[in-house]
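Visitor: Got a structure here, written out as structure tokens. Questions coming.
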Amino acid sequence: MLPKALENVIEALGMLPGVGPRTAERYAYYLFRSNPKLSDNIADALNYLHSGVKLCPVTFALIDADENCSKYYADPERDKTTILVVEEPLDIYAIEQTHGYKGTYHVLGGAVSPIDGITPDKLHLKELVERVEKDKVKEVIIATNPSVEGESTALLIEKMLHEKNPELKLTRLARGLPLGVDLSYADQITLSAALENRTKL
């Protein structure tokens, strides 16, 4: 029904997560109606994506292709004896926006999920253990997502690190009720975490 070129764009956009058929159609038609320079700019950016971005060999954060290491590790002001462990590279930027953390990071590259074929050997766990020894790390902050996969990954990290470094301080990000939320709207997992992590007044 539609021109082949437009169908190809709809199909390509529909491969993106969270983009359904109707959204893909709207995006494709918008690009067709817009100035062709917009499509050219998007195409150029996509063509440069894989050659312009790589993973830091130490922290596995995203860095420019011409960089040797993540600025969050190379910066002498950063405390290398503290590592905050996250699942994905973009999690780093959420933490950085708080301006309250001055340690380094370690990106796992996901969470353990046998159903999705993600086994421990596919994550950067071995490299984390090596970094703890190499940088004489004093504290590892586990910031995996509050999901079944995130929890099981956190337990695995705890076991692996304590086996080799029983004196290492292991902590988790506090979990509980966000500001401005009524108790009646909070789910059971959030309420349980809030009770477990309650603080003394």
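FYI, it's all coordinate maths here, none of it is from the lab. Because the structure is a prediction, the values reported are computed rather than measured. Here the Cβ is made from the backbone with ideal geometry for all residues, glycine too, and neighbour counts use every protein chain on show.
Visitor: Over the chain, what relative contact order in percent results from Cα pairs under 8 Å that are six or more residues apart?
Guide: Working: 223 pairs, mean separation 25.8, N = 201.
Relative contact order comes out at 13 percent.
Visitor: Given points 7 Å out from each Cα along the Cα-Cβ axis, report the Glu158 to Glu130 separation in nanometres with one decimal.
Guide: In this crude label model, Glu158 to Glu130 measures out at 2.7 nm.
Visitor: Stick to Cα atoms and the Kirkwood definition of Rh, then tell me Rg/Rh for segment 4-54. The partial results should precede the final answer.
Guide: Working: Rg = 11.9 Å, Rh = 11.8 Å.
Computed over Cα atoms, the ratio is 1.01.
Visitor: Add +1 for every Lys or Arg and -1 for every Asp or Glu among the other residues with Cβ under 13 Å from the Cβ of Thr144, and state the total.
Guide: So the surrounding residues net to -4.
Visitor: What label, among [x] 16.5, 49; [y] 17.0, 56; [z] 21.3, 67, belongs to Rg and Dmax of the Cα atoms in Å computed from the structure on display?
Guide: Working out Rg and Dmax of the Cα atoms in Å from the coordinates points to [z].
Visitor: Semi-axes of the equivalent ellipsoid for segment 70-172, please: Cα gyration tensor eigenvalues, times 5, square-rooted, ordered largest first, whole Å. The partial results should precede the final answer.
Guide: On the way: eigenvalues 89, 56, 27 Å².
That gives 21, 17, 12 Å for the three semi-axes.
Visitor: How much length, in nm to one decimal, is gained on full extension between Ser39 and Ala94, taken as 0.36 nm per residue of separation minus their Cα-Cα distance? Please list the in-between numbers first.
Guide: On the way: separation 55, 0.36 × 55 = 19.80 nm, distance 2.93 nm.
Length gained between Ser39 and Ala94: 16.9 nm.
Visitor: 5 Å is the cut-off here: which amide hydrogens, built 1.01 Å from N in the peptide plane, fall below it relative to Asn197, excluding neighbours closer than 5 in sequence?
Guide: none
Visitor: Return the whole-Å distance between the Cα centroid of segment 1-39 and the Cα centroid of segment 120-163.
Guide: That distance is 41 Å.
Visitor: I need Phe60, Phe32 ordered by Cβ neighbour count within 10 Å, fewest first. Can you show the working numbers first?
Guide: Working: Phe60 22, Phe32 13.
In increasing order of surrounding Cβ atoms, one gets Phe32, Phe60.
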